[in-house]
């Protein structure tokens, strides 16, 4: 059983922002331990790979399960509608694979503690 | 010494998204313990209060120190330029108060762990 985590961000015209997400995914891959065999990045728009291509790459690299994790802070249209619409065709295409969407980051219980901890750090 | 934490989000035309941020601030206020005497919310645009008004309210309510915490995931123009430009006039107006900007959420070391933990939860 090979498991992939696909971090999905909005995507930006500013490539440095896309690279920030890719760096986060790389850090997550280091920390994932046995939870995931690969951690990849995809974007809803404006950057590559797009979500369907990101899922496709995970499957080509051997993933039996792909967890799509929205790197979003609020439950807006992107999280509620756009991301599921990008994922659905891949779920239909690969009925033998487990492809699911995890809750978005902003829904995490730990955000409040993380914000409080971060607020104690120096200004930048 | 009264300390205020001002959570600053972008602001959305979708009021439910703004309310999500207000709910986060309320949760942070519960968890803040002795670190902050008040936790408030402000928005860069599209929702109220705007950042200068948010700072003003903290000071009117007795804050000697206001920590402005950007609830943003990437270090784009909003974090690098727009938020500091909104904060600067208040810093100039209140030289006796300590008004500083904390690092933005996306820069937090704990984001990777939080994402990994969140990814294990059920889909929604």
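Only the coordinates and a few stated rules stand behind these numbers; no lab work does. Note that the structure is a prediction, hence the values are computed from the model and not measured. Positions of Cβ are generated from backbone atoms using ideal geometry, with glycine treated the same way; all protein chains shown enter the neighbour counts.
The table for this structure:
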| item | result |
| --- | --- |
| Anisotropy class of the protein assembly as shown from Cα gyration tensor, a/c 1.5 cut | prolate |
| Beta bridges per DSSP with both ends in the stretch B:3-119, % antiparallel, nearest 5 | 0 |
| Estimated 222 nm signal from helices in the protein assembly as shown, with DSSP H stretches of n ≥ 4 weighted -39500 (n - 2.57), rounded to 500 | -11500 deg cm²/dmol |
| Cα long-axis angle, helix A:15-31 against chain A (0 to 90 degrees, to the nearest 10) | 80 |
| Beta bridge orientation in the protein assembly as shown: antiparallel %, DSSP, nearest 5 | 0 |
| Inter-chain Cβ neighbour average for residues A:62-68, partner chain, 10 Å | 1 |
| Inter-chain shielding of B:12-21 (mean C-beta neighbours from other protein chains, 10 Å cut-off) | 3 |
| Helix A:83-93 vs. chain A, principal-axis angle (Cα, 0 to 90°, nearest 10) | 20 |
| Rg/Rg_globular for the stretch A:3-119, with Rg_globular taken as 2.2 N^0.38 Å and Rg from C-alpha atoms | 1.04 |
| Rounded tilt (10° steps) of B:51-60 against the dominant C-alpha axis of chain B | 60 |
| Relative contact order, percent, the stretch A:3-119 [alpha-carbon distance under 8 Å, six or more residues apart] | 28 |
| Shielding score for A:101-109, defined as the mean number of other chain Cβ atoms within 10 Å | 6 |
